[in-house]
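The values are calculated or read from the model by the stated rules, or taken from the named source; none is laboratory data. Please read all numbers here as calculations on a predicted model, not as lab measurements. Here the Cβ positions follow ideal geometry from the backbone for every residue, glycine too, while neighbour counts run over all protein chains shown. Ligands, DNA and RNA are stripped out before the accessible areas are found, and what is left, the full protein with its side chains, is counted by its heavy atoms. Shrake-Rupley method; radii C 1.70, N 1.55, O 1.52, S 1.80 Å.
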Amino acid sequence: MCFSPDKSRLYVNDSERQHIRVYEIDDAGAVSGGLLFAETRDDDGTLGYGAPDGMKVDAMGNVWCGGPGGIHVFDADASLLGVILTPRFPANFCFGGDDMRDLLITAGTTFLRLRVASPGHPTFRP
């Protein structure tokens, strides 16, 4: 799970159902919703095995989630922006580097590092 940059939304992936749900968080911290946000789908079978696993949000509010074939990137309105293809299923990933534009991915026995245009949200930085 991960939060939107402004902490007003909580995204939770459900690997079994292959989707992501979104919960709204009000100023008092109360959580509501749980509506379907997006699905990591492989309708034509070309992407291969995978379900939502590992999820992050970038500084622009885009949701990045492991899924069939690689990392699926959705905008804040749940429109699929694209899939970063990986040689094996991406179990987890994070943004790093001084500018948070290095995407570090674990995919099977492979470790990948890619430069991306949108920096990750520095959730765990002091």
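Contact list please: Cβ distance under 9 Å, first residue in region 62-79 and closer than 18 Å to Leu10 by Cβ and part of a loop (DSSP other than H, G, I, E, B), second residue open to solvent by 10 Å² or more (accessible area, probe 1.4 Å) and basic (Lys, Arg), pairs at least six apart or on different chains.
Here the result reads Ala76/Arg9, each pair linking region 62-79 to a residue that is open to solvent by 10 Å² or more (accessible area, probe 1.4 Å) and basic (Lys, Arg).
Please state which one of Asp43, Asp102 is in contact with a Lys or Arg (Cβ under 7 Å, 6 or more places away or on another chain), among the acidic types (Asp, Glu) and farther than 16 Å from Ser15 by Cβ. It would help to see each step written out before you state the result.
Working: Asp43 fails: in contact with a Lys or Arg (Cβ under 7 Å, 6 or more places away or on another chain).
Of Asp43, Asp102, the one residue that is in contact with a Lys or Arg (Cβ under 7 Å, 6 or more places away or on another chain), among the acidic types (Asp, Glu) and farther than 16 Å from Ser15 by Cβ is Asp102.
Return the total of residues in region 1-58 being open to solvent by 50 Å² or more (accessible area, probe 1.4 Å), among the aliphatic types (A, V, I, L, M), under 19 Å from Ser79 (Cα atoms) and assigned to a strand (DSSP E or B).
The number of residues fulfilling the criteria is 2.
Looking only at region 59-69, filter to residues that are surrounded by 18 or more Cβ atoms within 10 Å (Cβ to Cβ) and in contact with a Pro (Cβ under 6 Å, 6 or more places away or on another chain); which one of those is modelled with the highest pLDDT?
Residue satisfying both the conditions and the ranking: Cys65.
Scan region 79-110 residue by residue and report those that are of a type in the set (A, V, I, L, M) and open to solvent by 30 Å² or more (accessible area, probe 1.4 Å).
Initial filter on region 79-110 (of a type in the set (A, V, I, L, M)): 80-81, 83-85, 91, 100, 103-105, 107.
Correct list: Leu80, Leu81, Val83, Ile84, Leu85, Ala91, Leu104.
Which of the residues belonging to region 87-119 are at pLDDT below 90 and β-branched (Val, Ile, Thr)?
Across region 87-119, the qualifying residues are Thr109, Thr110.
When residues of region 81-113 are filtered for being touching a residue at least 24 places away in the same chain (Cβ under 8 Å) and closer than 17 Å to Ala59 by Cα, how many remain?
Number of matching residues: 6.
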